[in-house]
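The values are calculated or read from the model by the stated rules, or taken from the named source; none is laboratory data. Worth saying up front: this structure is predicted, and the values here are computed from it rather than measured. Every residue, glycine among them, receives a Cβ derived from its backbone with ideal geometry; neighbour counts consider all protein chains shown.
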Amino acid sequence: MRYEPLKSDLYARHRARFTATLKPNSVAFFNSSDIYPTSADGSFPFKQATDILWLSGVDQEESILVLFPNAPKPEQREMLFLVETNDLIARWEGAKLSKDEARALSGIQSIHWLSDFERVLRDVMAHAHHVYLLGHEHIRRNNPVETREDRFGADLRRRFPNHEYERSAPAMNLLRAVKDPEEVAIMQVAADITAAGYGRVMRFLKPGVWEYELEAEFLHEFVRLRSHGFAYTPIIGSGANACVLHYITNDAQVHDGDMVLFDVGAVYGNYACDVTRCFPANGRFTPRQRQVYEAVLRVEKAAMNLLKPGVRLPDYHVQVGELMTEELIGLGLITREDVAHQDPAWPAYKKYFMHGTSHYLGLDVHDYGPWDGSEIKEGMVFTVEPGIYIPEEGLGIRIEDDIVVTKGEPINLTKAIPKEVDEIERIMASGN
Ligand code: GLY
Ligand code: MN
Ligand code: MN
């Protein structure tokens, strides 16, 4: 495999945690994602659904995971159904998982080919009372495309209307937010690959290069280091482009005097890294760039240290807003008067910092996790990413690191990527 898979006992622990949340006599199903079409006979590269990955490690299309912990037949308690591999498939696409490989990868003993699924499904449904399915319950999800999981669930409900249907998402949301040490370790690999990409780009950046050339430097370094590429569509914005939060065209030329914002992270073993850095194109910050940059950096460092077990995310976001308010007053961008009259639902600082400070990070870039005001727990991984965007000055600064919450100091997975002004200027002056 292109990446080193995690050990199967991690997936066994994940399954045990999930099945412990089920009502008695329940079965849960998890499907692979589709291979999405483009046009003619084209398709996008396969990207596995992260729930089946988290529970089994199976990174292959058309797979179905069945968890039925009280199954009368012990061999039906955990089952994987896989597309049957054969010589023709092996010739055109390369071999798919064999049964033995799937056992070793997932720790699941009952491995079937998909041709067995209908027969086993009828048997399982005759004995199960509750059926757990996944819905689209991520708070930011906004996509009308029907997934394989949707089709599967709709078909099951039509054929077996008298079962009690339940939601897997609430439990997955809580469980996936807290990372195991093996997951933190693989996220550190994604962070190290990302750091190598930033090192390469710092050597390459100069006035006159194009944003897409910088993107290409990252991709070269990531893929060379066994990443499958970008964890999300990279944002490389020079000058005022940095103020467009979802700028992904990356098609402008970088000019002398520009700051360039890079929001670029590598994926490794399906785990995401999510980092933002800003560098001056010519290697030297102007006094104003430095002033705004250092304000963001102070907020970022302070915010990181607020992410402690027991803190509630809404309170954290209020505190970061207060820190940012003071910095924006110091920069002359807002006044105490503005703050005194601000709308509590959209405080004055939002004019220059209009997005959230942190999100969960893991198999998904905007990973699963509770947004219900519950307390932060040890082992959760968050980004910390304050920014100040001043389009009228052609300047946008965001600094983003990936943080593991511990009882003590947070672990910064991305600390190797330079962010101190003097360090950035020294590296860019020396060319390495
Ligand atoms: N790169 C996406 C984000 O920062 O949330
Ligand atoms: Mn980002
Ligand atoms: Mn982010």
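May I ask you to say which residue of E183, E215 is under 22 Å from the mean Cα position of the chain (by Cα), within 25 Å of S238 (Cβ to Cβ) and either surrounded by fewer than 20 Cβ atoms within 10 Å (Cβ to Cβ) or modelled with pLDDT of 95 or more (or both)? Break it down into steps so the answer makes sense when it comes.
Details: E183 fails: within 25 Å of S238 (Cβ to Cβ).
The unique qualifying residue is E215.
Of the residues that make up the stretch 189-196, is at least one at pLDDT below 95, more than 26 Å from P74 (Cα to Cα) and not in a strand (DSSP E or B)?
Quick first cut of the stretch 189-196, residues at pLDDT below 95 only: none.
No: the stretch 189-196 contains no residue that is at pLDDT below 95, more than 26 Å from P74 (Cα to Cα) and not in a strand (DSSP E or B).
Out of the residues in the stretch 86-115 that are among the hydroxyl-bearing types (S, T, Y) and in a helix (DSSP H, G or I), state the one that is modelled with the lowest pLDDT. Write out each step before concluding.
Looking only at the stretch 86-115, we keep the residues that are among the hydroxyl-bearing types (S, T, Y), and these are 98, 106, 110, 115.
Cutting the leftovers down to in a helix (DSSP H, G or I) gives us 106, 115.
Details: S106: 98, S115: 95.
Restricting to residues being among the hydroxyl-bearing types (S, T, Y) and in a helix (DSSP H, G or I), the top hit is S115.
Looking only at the stretch 244-264, which residues are surrounded by fewer than 22 Cβ atoms within 10 Å (Cβ to Cβ) and either more than 16 Å from ligand 1 (Cβ to nearest atom) or not in a loop (DSSP other than H, G, I, E, B) (or both)?
Within the stretch 244-264, D251, A252, Q253, H255, D256, G257 meet the criteria.
I'd like to check something: does the stretch 115-126 contain any residue that is of a type outside the set (A, V, I, L, M) and touching a Ser or Thr at 6+ places or on another chain (Cβ under 9 Å)?
no
I'd like the full set of residues that are modelled with pLDDT of 95 or more and either buried (at least 24 other Cβ atoms within 10 Å of the Cβ) or not in a strand (DSSP E or B) (or both), limited to the stretch 370-379. I'd like the intermediate steps shown before the answer.
Of the residues in the stretch 370-379, the ones modelled with pLDDT of 95 or more are 375-379.
Of everything in the stretch 370-379, those that are modelled with pLDDT of 95 or more and either buried (at least 24 other Cβ atoms within 10 Å of the Cβ) or not in a strand (DSSP E or B) (or both) turn out to be I376, K377, E378, G379.
Kindly indicate which of I388, I397 is of a type outside the set (S, T, Y), within 15 Å of ligand 2 (Cβ to nearest atom) and farther than 21 Å from E137 by Cα.
Working: I388 fails: within 15 Å of ligand 2 (Cβ to nearest atom).
Matching residue, one of I388, I397: I397.
Give the residue, chosen from D364, D338, that is within 16 Å of ligand 2 (Cβ to nearest atom), among the acidic types (D, E) and more than 15 Å from Y316 (Cα to Cα).
Numbers: D338 fails: within 16 Å of ligand 2 (Cβ to nearest atom).
Just a single option satisfies the conditions, and that option is D364.
Give me the pairs: first residue in the stretch 367-383 and basic (K, R), second residue modelled with pLDDT of 95 or more, beta-carbon distance under 8 Å, and six or more apart or on different chains, which are they?
Partner pairs satisfying both residue conditions: K377/A177; K377/V178; K377/P309; K377/V405.
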